[in-house]
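Novice: The structure that follows is given in the form of structure tokens.
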Amino acid sequence: MTRTRHILAATLTACATLTAAAPALAAPAQAAVPGTFIKTVSFGPNCPGHSSILSDDRRTLTVAFDGFDAAVGPTTPITERRKNCAVTLNMNTPLLTSYTVNTTINGFAQIPAGATGHIDNTTSANLTPSNVNRAFPAGTTGEYTKTFTTPSLLPGAGSTQPATINTIANLTGPTTNDGILTVDTIDFKIN
């Protein structure tokens, strides 16, 4: 079991109760956090098993996944080549306040000859789309960390504004060897 898998297993065990009790995180009624912060979180229907932890200042969210794995190989169904998860951060955005979302993705890549792996990160907020792609060439093997930063998102309207971040793990190309591209954790940080 890799180091990332041990960390993932420990995080999933620690967070299982949180996920079961509250699939969508909500701010406590007494929370008085100034500025832009995450009020609630929701996960799209394609998200694999996950658990999440929201920081006390509600500006950082860590999500650990179980099974966010794109795979390729001679007997692997084509439907396993692409996996995605859309996370919507419902943001408290004070009037005329812009912000960025830093997304850090940790996982494991084993890209066989003839294949290419990609991690795509698409953010949509206040009609401001942003798409960034990170490639993994054939022969890449090992744990990875990739960081994405959105451009400054439009100023808030003084209410709850959604920011949806869709992360995609994708393997392309013909191959006669097995390969995998995992997303083990994603950290979202609001600046």
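The values are calculated or read from the model by the stated rules, or taken from the named source; none is laboratory data. None of these values were measured; they are calculated from a predicted model. Glycine gets a Cβ as well: all are built from the backbone with ideal geometry, and neighbour counts include every protein chain shown. The area values use the complete protein model at the heavy-atom level, side chains included, leaving out ligands, DNA and RNA. Shrake-Rupley method; radii C 1.70, N 1.55, O 1.52, S 1.80 Å.
Novice: Return the residue satisfying two criteria in turn: it lies in region 151-191 and is more than 30 Å from Pro77 (Cβ to Cβ) and open to solvent by less than 40 Å² (accessible area, probe 1.4 Å), and of such residues it is modelled with the highest pLDDT.
Specialist: Applying the filter and picking the extreme gives Phe188.
Novice: Checking Ala135 against (1) aliphatic (A, V, I, L, M); (2) in contact with a Phe, Trp or Tyr (Cβ under 6 Å, 6 or more places away or on another chain); (3) open to solvent by 40 Å² or more (accessible area, probe 1.4 Å): exactly one of these is not met. Which one?
Specialist: Against the list (1) aliphatic (A, V, I, L, M); (2) in contact with a Phe, Trp or Tyr (Cβ under 6 Å, 6 or more places away or on another chain); (3) open to solvent by 40 Å² or more (accessible area, probe 1.4 Å), Ala135 comes up short only on (2).
Novice: When region 112-132 is examined, which residues are found to be open to solvent by 40 Å² or more (accessible area, probe 1.4 Å) and either over 30 Å from Asn92 (Cβ atoms) or at pLDDT 95 or above (or both)? If you could, list the steps in order and put the result at the bottom.
Specialist: As a first pass, look at region 112-132 and keep what is open to solvent by 40 Å² or more (accessible area, probe 1.4 Å): 113-114, 116, 118, 122, 124, 127, 129, 131.
Hits for region 112-132 are Ala113, Gly114, Thr116, His118.
Novice: Of Phe108, Phe148, which residue is of a type in the set (Phe, Trp, Tyr), touching a strand residue (DSSP E or B) at 6+ places or on another chain (Cβ under 7 Å), in contact (Cβ under 8 Å) with a residue 24 or more places away in the chain and open to solvent by 20 Å² or more (accessible area, probe 1.4 Å)? Steps first, please.
Specialist: On the way: Phe148 fails: open to solvent by 20 Å² or more (accessible area, probe 1.4 Å).
It is Phe108.
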